[in-house]
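Q: Can you read through this structure? Questions will come right after.
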Amino acid sequence: DIAPHTVAFGPDYASEFADVFDRRRPPASPTVYIHAPDRPAGGGPVVSRATHQPTSESRERIFMLVNAPPHQSPREAPSTSYDRENQIAETTAAMQASVAAAGWKIPIEREATVVTTPDDFADMFPGSGGALYGRAPHGWQASFARLGAESRVPGLFLAGGSVHPGPGVPMATLSGRLAAHAVLTNRSRTAR
């Protein structure tokens with residue numbers, strides 16, 4: 001009975017962030033963001049992707065996200081004690097426990113699961129330090145340090161979760177609109 005966008009909060013938010021930022025490990029009891037794209041907006045049964053009608057199909061796509069620290073920042077040497085598979089298994093179990101504590105049971109089929117870790121983000125997006133939305137912000141004014149749509153490179157415009165106004169699909173979409181506006185504004189200033 002989950003909605004398309006659901007959050008299962010961990011029991012101790014302060015401890016969760018201490019795990020991530022101070023102890024630099026995945027939280028023991030993480031808050032879990034759950035996205036069920038095959039569910040209708042108000043919740044309810046799974047909807048067929050082809051017919052957009054309710055279906056009794058037992059399998060559906062589920063996206064689950066938990067906070068986690070990068071295992072290696074650009075300033076640190078690689079950890080030799082890091083066991084990726086064991087860490088994924090422990091984090092998955094903790095994630096399932098948080099979801100169960102919220103009253104839901106979401107079975108995970110390991111063979112049909114795609115796992116992306118901070119290390120994967122660091123490999124795919126060098127310079128991000130493993131942060132999901134680009135360069136990891138630090139400090140209480142970090143939100144104000146986000147890049148805007150116009151870069152220092154003439155003709156290069158920026159959009160996405162690491163650009164103003166910030167992370168999340170609505171903000172990234174707004175960022176795209178701001179970048180498009182900047183392109184159009186600059187185009188009118190450019191000689192043909």
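Q: Read through the list (1) surrounded by fewer than 16 Cβ atoms within 10 Å (Cβ to Cβ); (2) at pLDDT 80 or above, then give the number of the only condition that Thr51 fails.
A: With respect to (1) surrounded by fewer than 16 Cβ atoms within 10 Å (Cβ to Cβ); (2) at pLDDT 80 or above, Thr51 is out only on (2).
Q: Can you name every residue in the stretch 153-169 that is under 19 Å from Val183 (Cβ atoms), of a type in the set (Val, Ile, Thr) and open to solvent by 50 Å² or more (accessible area, probe 1.4 Å)?
A: Val153, the sole residue that qualifies.
Q: Shifting gears a bit: Tally the residues that are at pLDDT below 90 and in contact with a Phe, Trp or Tyr (Cβ under 9 Å, 6 or more places away or on another chain), restricting the search to the stretch 72-105.
A: Looking only at that region, the number is 1.
Q: For the stretch 141-152, which residues satisfy the criterion of being open to solvent by less than 80 Å² (accessible area, probe 1.4 Å), among the aliphatic types (A, V, I, L, M) and under 19 Å from Val183 (Cβ atoms)?
A: Passing the criteria: only Ala149.
Q: What are the pairs, 6+ residues apart or on separate chains, where a residue within the stretch 96-125 that is in contact (Cβ under 8 Å) with a residue 60 or more places away in the chain has its Cβ under 7 Å from a residue that is aliphatic (A, V, I, L, M) and in a helix (DSSP H, G or I)?
A: If the second residue must be aliphatic (A, V, I, L, M) and in a helix (DSSP H, G or I), the pairs left are Ile106/Val99.
Q: Which pairs turn up if I take residues in the stretch 17-28 that are open to solvent by less than 70 Å² (accessible area, probe 1.4 Å) and look for partners that are of a type in the set (Lys, Arg) and at pLDDT below 90 with beta carbon separation below 8 Å, at least 6 apart in sequence or on another chain?
A: Short answer, once both residue conditions are applied: Asp19/Arg25.
Q: Which of the residues spanning the stretch 85-121 are over 24 Å from Gly161 (Cβ atoms), open to solvent by 40 Å² or more (accessible area, probe 1.4 Å) and not in a helix (DSSP H, G or I)?
A: Ala102, Gly103, Trp104, Lys105, Pro107, Ile108, Glu109, listed by residue number.
The values are calculated or read from the model by the stated rules, or taken from the named source; none is laboratory data. Predicted model, so just to flag it, every value in this text is computed and none were measured. Positions of Cβ are generated from backbone atoms using ideal geometry, with glycine treated the same way; all protein chains shown enter the neighbour counts. The area values use the complete protein model at the heavy-atom level, side chains included, leaving out ligands, DNA and RNA. Shrake-Rupley method; radii C 1.70, N 1.55, O 1.52, S 1.80 Å.
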